[in-house]
Amino acid sequence: MADTPPEVVCRDLACRFGELEVLAPLDLTFAAGQTTALVGPSGCGKSTLLRLVAGLETPSAGAVRIGGQSPSAVQRQGDLAIAFQEAALLPWRSLRGNVRLALRLARRPDDPAAVDRLIDLVGLTGFGEARPAELSGGMRQRATIARCLVTEPALLLLDEPFGAVDELTRLRLNLDLPRLWQARGTTTLLVTHSVSEAVLLADRILVFSDRPARVVADIPVDLPQPRAAAVTESLPYRRLVARVSDALGGGGGRLAAE
Amino acid sequence: MRGALEAMTRGAGPALASTLGLLLLWQALAMATAGAWILASPLAVLDWAAERAGLLTRATAVTLGAAAQGFLWGNLAAMLLALVSVLVPRSERVLSALSLLAFCLPLVATGPILRVLYGPGTGPQVTLAALACCYTTHVALLVGLRAAPPGWLDLIRSYGRGRVTALLQVRAMAALPYLAAGLQIAAPAAILGAMVGEFTGAERGLGVLILRTLRGLDVAGTWAIGGIAAAAAIAAHAAVGALARRVTRAPPPVILAVAPPRPGRGPLARLAGAAGLILLVLALWWAAMEAAGLPAFFAKRPGDVWAYLATGPAAGLHRAQLLGALGQTLAIALPGYLAGLALGVGIAAALVLAPRVAGVAMPLAIALRSIPILATAPLIVLALGRGAAGGIAIVAAMIFFPTLVACLQGMRQTPAAVTDIFDSYGAPRLTRLIHAQAPAMLPAFFASARMAVPAAILAATTAEWLATGRGLGALMATVASTSDYGMLWSATALIASVAMLAWAGLARIERAVLARAAPEQLS
Ligand SMILES: Nc1ncnc2c1ncn2[C@@H]1O[C@H](COP(=O)(O)OP(=O)(O)O)[C@@H](O)[C@H]1O
Ligand SMILES: [Mg+2]
């Protein structure tokens, strides 16, 4: 499956925690090789949707199919990588050790050169031997991204991966990193609070309502790929940002953090 | 490395000074009370010990050897139990209950039983030492194995890996600091277990010597051996701590703050669970005796105990004897328990109101906690006499230090942001204590109150065995010498049941209080 990116289909997907209905039945299809941004108010169920796709949560109804397979089958092939809102780095492993762990868990051969290349790419050159406690919040999130990418997954699930990254680094990562997964045509779901980030990174933006989440807008992003910093000055970009913000029901380029 | 060295020398200065001060005070007190048969001066104690250096060295080696073996077996068992609990979560409830039961066994009654089961040798001491450290390590390890944040485990799952990988890659490493903390508590506990084992009829060891000096009213000897036992326990505590610091980087966690086990669904399910557990224990007990082919004369089965207490010819007499002794024991254990808890909480609160004193008192309390108070029980008997006061004091002392340390550590868990808010309004320390630190302390307090139940019974019965001549401890001493195994087994079953019931009752109160005061602590 690693050669061709998978299409992700959520059919009648619903999820509840006890009395709390987080997702009302949703029908969604994420095209193979596309990057889809998921935006919506805090607590509407975006992380839950991502965890359902990753097979970490059991749907109360409906199912997720990834390239025709169940999430757990894709998990076992090591073809799926998820970055959580909080960087889940093991504190007793160095940065390099944490990235290598993903190769091991995914049953891939160890590849020190690839590990170091990714550490460079996320801008952590020279920190390979640092422990997570020695890194800032933003650095830890970048380390998580390196860990996700090292296994070259066919499906990439990113939950607010740049939330703790400072604005400047964020723009740089927004421009650099997508090249990595877009070159391979990875199917990517990206949860973000930042409307500008969604427009900059995604091929398509889904705007969700309050809980239980429903799709209130499905906006294709037809800006040419790959995108450069200059694109943020363009009129189509600004129009898209305005459209997404409208759909969210508020002005401004960014939602309040939770 | 240099930092550690500096920290050590920084701590060593005041410690040395206060030790010297204590010694001087001791000498002065001894000289003042000379002739009262209570206090031997440090010089007299040293003199006594120097004359018998060879004997003391051999006895110490015997006791420490038994303690080390028990430490090994008890902790191995604890690790195995915790491992199975994590890999087979459904087994956890039963395994934890069995481990608690082993902790609740009254050593003064199990000691003589083990003595006859094993015959001569160090078997009983080793077993009692193992029993004394298994539960605490088990609990610490269980907490540690669960301490890993869910995100770390999700990471493992997201690659399709299961419980074994999670255990190897995440849980085991995350549990290391907890294991270290558990082992540190277990080290002095093992020495205490070995010494109680020696009280109940060994041929050699510190426990034997201290009994002999106590009965011979040899004050200097009692103090010398009590001092050696205390020093050995502090050294074991410190050595395990130093070893742990080399292995784990993380600061030691506060493992006492364990939420009580979740009760079963309804009252019926809980009743069924308790009944199932009792049946299981009875079946295991019976099967162990049968499998070992032990004669019913001293290896009583559940049926024998039932006959002894309920249906046999002298059952009424036996019951009256046992329950009478239980009443006497509780009359010592209960006030001592309450006094120990109250003192622990009170002094912890006082120390928090006077933070400068707390800085000095905390390390002192932690060091004193490591002393097996019971091993020094003979000293308290010397000081307070053989009446109820001495017994109550021993129980209170046994419970006071762990409670104090737990409460201080619990209060330290108060989030800095919360205390900062109180400080930013210039709130008095007492207000901060009542509204922020006391609620933060509750879980640690309750956990320590639960653990103190078996400790209180152990302390009370040992004091009775050694000195007061009343209660279950004295009864066990008598029936051990008359080979009344029916009574020994009955007492074991009764005391373990009482301790388990008290523990469960406390857990219920704990859940009710925490649900109101600190609902986030209940998982
Ligand atoms: N394991 C869970 N148990 C109970 N409630 C949960 C759980 N996970 C999430 N929730 C609840 O589901 C809702 C949606 O959460 P989440 O998916 O994290 O929202 P988002 O990522 O959009 O901010 C929230 O109200 C949250 O409290
Ligand atoms: Mg979220």
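One table, with the values for the structure above:
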{"quantity": "Helices (runs of 4 or more DSSP H) wholly inside the range B:69-157 that include at least 1 residues being within 14 Å of chain A (Cβ to nearest Cβ) and surrounded by 24 or more Cβ atoms within 10 Å (Cβ to Cβ)", "calculated": "B:123-146"}
{"quantity": "Filtered residues of the range A:104-145 (kept if aliphatic (A, V, I, L, M), more than 14 Å from chain B (Cβ to nearest Cβ), surrounded by 15 or more Cβ atoms within 10 Å (Cβ to Cβ) and not in a loop (DSSP other than H, G, I, E, B))", "calculated": "A:ALA114, A:VAL115, A:LEU118, A:ILE119, A:LEU121, A:MET139"}
{"quantity": "Cβ pairs under 6 Å, 6+ apart, first in the range A:208-236 and assigned by TED's automatic domain parsing to the domain that holds A:ASP12, second surrounded by fewer than 12 Cβ atoms within 10 Å (Cβ to Cβ)", "calculated": "none"}
{"quantity": "Helices (runs of 4 or more DSSP H) fully within the range B:373-452 counting 3 or more residues that are touching a Gly at 6+ places or on another chain (Cβ under 8 Å), at pLDDT below 85 and not assigned by TED's automatic domain parsing to the domain that holds B:ILE191", "calculated": "B:377-384, B:388-412"}
{"quantity": "Looking only at the range A:32-72, and only at residues there that are more than 13 Å from A:LEU156 (Cα to Cα), outside any helix (DSSP H, G or I) and aliphatic (A, V, I, L, M), the one that is nearest to the other protein chains (Cβ to nearest Cβ)", "calculated": "A:LEU56"}
{"quantity": "Yes/no for A:ARG76 being within 14 Å of another protein chain (Cβ to nearest Cβ), out of contact with any His (no Cβ under 6 Å at 6 or more places or on another chain) and within 13 Å of ligand 2 (Cβ to nearest atom)", "calculated": "no"}
{"quantity": "Residue check, A:ALA83 touching a Leu at 6+ places or on another chain (Cβ under 8 Å) and within 14 Å of chain B (Cβ to nearest Cβ)", "calculated": "yes"}
{"quantity": "Conditions (1) within 16 Å of ligand 1 (Cβ to nearest atom); (2) within 30 Å of A:ASP12 (Cβ to Cβ); number of the one not met by A:SER194", "calculated": "(2)"}
{"quantity": "Verdict on A:ASP203 being within 15 Å of ligand 2 (Cβ to nearest atom), in contact (Cβ under 8 Å) with a residue 60 or more places away in the chain and assigned by TED's automatic domain parsing to the domain that holds A:ALA31", "calculated": "no"}
{"quantity": "Criterion violated by A:LEU156 - all others in (1) more than 16 Å from ligand 2 (Cβ to nearest atom); (2) more than 14 Å from chain B (Cβ to nearest Cβ); (3) of a type in the set (A, V, I, L, M); (4) assigned to a strand (DSSP E or B) satisfied", "calculated": "(2)"}
{"quantity": "Options A:ALA164, A:ALA213, A:ALA183: the member that is within 16 Å of ligand 2 (Cβ to nearest atom), surrounded by fewer than 22 Cβ atoms within 10 Å (Cβ to Cβ), away from chain B (no Cβ under 14 Å) and hydrophobic (A, V, I, L, M, F, W, C)", "calculated": "A:ALA164"}
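Per-residue answers, yes or no, for (1) assigned by TED's automatic domain parsing to the domain that holds A:ASP222; (2) in contact with a Cys (Cβ under 9 Å, 6 or more places away or on another chain); (3) within 12 Å of ligand 1 (Cβ to nearest atom):
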| site | (1), (2), (3) |
| --- | --- |
| A:VAL9 | yes, no, no |
| A:LEU13 | yes, no, no |
| A:VAL22 | yes, yes, yes |
| A:THR35 | yes, no, no |
| A:SER42 | yes, no, yes |
| A:LEU52 | yes, yes, yes |
| A:ALA61 | yes, yes, no |
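The values are calculated or read from the model by the stated rules, or taken from the named source; none is laboratory data. Quantities reported herein were computed from a predicted structural model and do not represent experimental measurements. In this analysis, Cβ positions are derived from the backbone assuming ideal geometry, glycine residues included, and neighbour counts consider all displayed protein chains.
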